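The values are calculated or read from the model by the stated rules, or taken from the named source; none is laboratory data. Bear in mind the structure is a predicted one, so any value in this text is a computation, not a measurement. Note that we place each Cβ from the backbone using ideal geometry, even for glycine, and neighbour counts take in every protein chain shown.
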């Protein structure tokens with residue numbers, strides 16, 4: 001599970017768009033380059049911009065942060081347990097006739 005907090009006062013209203021079921025705001029999640037920060041966040045949430053806005057040099061605002069709660073979703077899956085060593089093979093007396 002991933003949780004996030006978004007400051008709704010920071011998004012660019014002109015980048016909202018109307019869809020069939022409502023008005024939408026696209027976001028993009030960027031993982032922290034140095035891993036988890038001091039507040040336990042794993043990355044930032046930025047507003048996704050239209051191609052025209054990106055080409056015009058508009059900077060995508062940082063809307064907030066996210067935390068990965070369930071680490072199996074992040075690609076940092078827990079390591080499989082190390083298998084137990086195989087039992088030692090007993091050596092037999094080579095003087096047997098067969």
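Things to note:
- Residue selected from region 62-89 under the condition farther than 27 Å from residue 7 by Cβ and surrounded by 10 or more Cβ atoms within 10 Å (Cβ to Cβ), by the criterion modelled with the highest pLDDT: 72
- Meets criteria (surrounded by 10 or more Cβ atoms within 10 Å (Cβ to Cβ) and in a loop (DSSP other than H, G, I, E, B)) for residue 59: yes
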